Every structure is written in structure tokens, then in C-alpha cells.
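*Asks:* Please find one structure pasted underneath; my questions will follow.
Bear in mind these aren't lab numbers, they're just calculated from the coordinates by the rules spelled out. Note that the coordinates shown come from a computational prediction; the quantities given were computed from them, not determined experimentally. Cβ placement follows ideal geometry from the backbone for every residue including glycine, while neighbour counts extend to all protein chains displayed.
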Amino acid sequence: MMTGNLQQAEERAALIARAIVPVLTAEFIRKPEPRPLSAREQEIMLACGQLGRAVDRLDGAKFASPGAERQARQALELAARNLRKLIDLREGKHGRGK
């Protein structure tokens, strides 16, 4: 009689395993929900976009008048400084010391 119970238990275990495998697989491949950005992280992302646009403007101004290139370079430097400041604030740094 023990063999019958063991066989029934194995059959039930196989049924349960077949039912659980798709659920577990879906859970393993599911991408986690992205956490919302904090206000500081949103500021950093905006500053990254501003920096990228400043680089684009500098690239476009290289073949324009010298004054346009200078202005674009200054805008790029300002955008880079702003991004650095925001990152330093996020990391708790207040000075430029290393």
C-alpha cells in the first residue's frame, strides 16, 4: 500500500510543479517597476538634458561665427557646472575637495 501512496504523492507533486512553473517563470522574468525619481534626481535628469543640448549647440556653432562658438562654449560650461553642483548636492558634497 505504501507504494500506491508514494506514487499518488509523486503524481500530485508533478501536477503542482506543472501548475507552479509558469507562475514562477513569469515572476523571474518580470521586470521590476521603476521607482519614482526624487525631486533631486529629476533636477539632475533635466540638467543632463540641458548639458546635451548645450553640446549640440556648440557642435552646430563651430562653423558659425566666432562669437556664436564662444557663446555656445560658455553655455556648455554653465550647464556642466550646474550638473556638477546638483550631483554634489545629491551626494552630500559641499566643496570641491577630493
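*Asks:* Output the 0 to 90 degree angle, nearest 10, between the alpha-carbon long axis of helix 66-91 and the longest principal axis computed from the alpha carbons of the chain.
*Replies:* For 66-91 against the chain, the angle is about 40 degrees.
*Asks:* Using just the helices of the chain, give the 222 nm mean residue ellipticity in deg cm²/dmol: DSSP H runs with n ≥ 4 each add -39,500 (n - 2.57), and the total is spread over all residues, rounded to 500.
*Replies:* -28000 deg cm²/dmol
*Asks:* Calculate how steeply helix 2-29 sits against the longest principal axis of the alpha-carbon atoms of the chain, using the helix alpha-carbon long axis, and give the answer as 0 to 90 degrees to the nearest 10.
*Replies:* 10
*Asks:* Please turn the phi angles of the range 40-55 into ³J(HN,Hα) values with the Karplus equation 6.51 cos²θ - 1.76 cosθ + 1.60 (θ = phi - 60°), one per residue in order, whole Hz, x for glycine and proline.
*Replies:* Calculated HN-Hα couplings, in order: 5, 5, 5, 4, 5, 5, 5, 5, 4, x, 4, 5, x, 5, 5, 5 Hz.
*Asks:* When only alpha-carbon atoms are used, what values of Rg and Dmax, in angstrom, describe the chain?
*Replies:* Just the Cα atoms of the chain yield Rg and Dmax of 29.1, 96 Å.
*Asks:* Let me ask something else. Summing Lys, Arg as +1 and Asp, Glu as -1, what charge do residues with Cβ under 15 Å from the Cβ of GLY4 carry, GLY4 excluded?
*Replies:* Its environment carries a net charge of -1.
*Asks:* Can you give the net charge of the other residues whose Cβ lies under 13 Å from the Cβ of GLU43, counting K and R as +1 and D and E as -1?
*Replies:* Residues near GLU43 contribute +2 overall.
*Asks:* Let me ask something additional. Could you work out how much longer the chain between GLN42 and VAL23 gets when fully extended? Use 0.36 nm per residue separation minus the Cα distance between them, nm to one decimal.
*Replies:* Contour length minus the Cα-Cα distance gives 3.3 nm.
*Asks:* With the cut-off at 13 Å, report for the range 39-91 the share of all Cα pairs above it, as a whole percent.
*Replies:* It works out to 55 percent of all Cα pairs.
*Asks:* Given GLN8, ALA64, ALA54, which one lies farthest toward the positive end of the charge dipole of the chain, if we put +1 on the Cβ of every Lys and Arg and -1 on the Cβ of every Asp and Glu?
*Replies:* ALA64
*Asks:* Could you list the residues of the range 28-51 with an amide nitrogen less than 16 Å from a label point located 7 Å from the Cα of GLU91 in the Cα-to-C-beta direction?
*Replies:* Under 16 Å, as judged by backbone N against the label point of GLU91, lie 41, 44-45, 48 of the range 28-51.
*Asks:* Sequence gap at least 6, Cα distance under 8 Å: using those rules, report the relative contact order of the chain to the nearest whole percent.
*Replies:* Numbers: 35 pairs, mean separation 24.6, N = 98.
It rounds to 25 percent for the chain.
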